[in-house]
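Here the structure comes first, spelled out in structure tokens, and everything after it is commentary.
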């Protein structure tokens, strides 16, 4: 099972990931550590990343996800995954970038991958960004993240919605409950 913890910067992906990693005993792959030096420098200057900046980063994360899946391991990945296309890249890699209109569409979900979507009020998230120290992502970029965001929820993506106004303890309990509800299905996946 792979849980991809997604949402805008400042929504709590890393904090939730650290707690879930401890609670479930799964490794956490922090998406920020897979950014190129150029991307980090760009964000530190207050410049929003473009799709072209993000695609290599997303493909690196796809490789991490595939490695975990091939080994039969459970894992957590923290990644903003703001656009539907980005989530397809995480699921399918370069195929998501090279499909033509004549090829069959890629599945919007895989049975062993779920997105944990951390969503919430812009002002709550902005205040969290203002209060955190030492992160390269500047609060000024939050608007660009919300502008790019294509929230999951069309029913075709495997998603667990988590409101950031909830405590980390309550969010963790909700994820553990979701995971436990899937245990019977997991026997059929592996």
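For the reader, a short list of remarks on this structure follows.
- Residues that are touching a residue at least 12 places away in the same chain (Cβ under 8 Å) and exposed (fewer than 15 other Cβ atoms within 10 Å of the Cβ) within the stretch 111-123 comprise 111, 121, 122, listed in sequence order.
- Filter result (in a loop (DSSP other than H, G, I, E, B), over 18 Å from the mean Cα position of the chain (by Cα), closer than 22 Å to residue 51 by Cα and modelled with pLDDT of 70 or more) within the stretch 91-126: 105, 106
- Of the set (1) within 24 Å of residue 121 (Cβ to Cβ); (2) modelled with pLDDT of 90 or more; (3) part of a helix (DSSP H, G or I), all apply to residue 181 but (1).
- Filter result (touching a helix residue (DSSP H, G or I) at 6+ places or on another chain (Cβ under 8 Å) and in a helix (DSSP H, G or I)) within the stretch 52-78: 53, 54, 55, 57, 58, 59, 60, 61, 62, 64, 65
- Residues in the stretch 163-178 that are surrounded by 13 or more Cβ atoms within 10 Å (Cβ to Cβ) and either in contact with a strand residue (DSSP E or B) (Cβ under 8 Å, 6 or more places away or on another chain) or assigned to a helix (DSSP H, G or I) (or both): 163, 164, 168, 171, 172, 173, 174, 175, 176, 178.
- Complete set of residues in the stretch 30-51 that are closer than 23 Å to residue 93 by Cα and in a loop (DSSP other than H, G, I, E, B): 35, 36, 48, 49, 50
- Residue check, residue 168 in contact with a helix residue (DSSP H, G or I) (Cβ under 7 Å, 6 or more places away or on another chain), under 21 Å from residue 86 (Cα atoms) and at pLDDT 90 or above: no
- Filter pass, residue 81 being under 17 Å from the mean Cα position of the chain (by Cα) and not in a helix (DSSP H, G or I): yes
- If you filter the stretch 23-55 down to residues that are in contact with a strand residue (DSSP E or B) (Cβ under 9 Å, 6 or more places away or on another chain) and at pLDDT 90 or above, you find that the one that is surrounded by the most Cβ atoms within 10 Å (Cβ to Cβ) is 31.
- Selection status of residue 129, at pLDDT below 90, part of a helix (DSSP H, G or I), out of contact with any strand residue (DSSP E or B) (no Cβ under 6 Å at 6 or more places or on another chain) and under 16 Å from residue 13 (Cβ atoms): yes
The values are calculated or read from the model by the stated rules, or taken from the named source; none is laboratory data. If you're wondering where the values come from, they're calculated on a predicted model, not measured in any experiment. Virtual Cβ from ideal backbone geometry, glycine too; neighbours counted across all protein chains shown.
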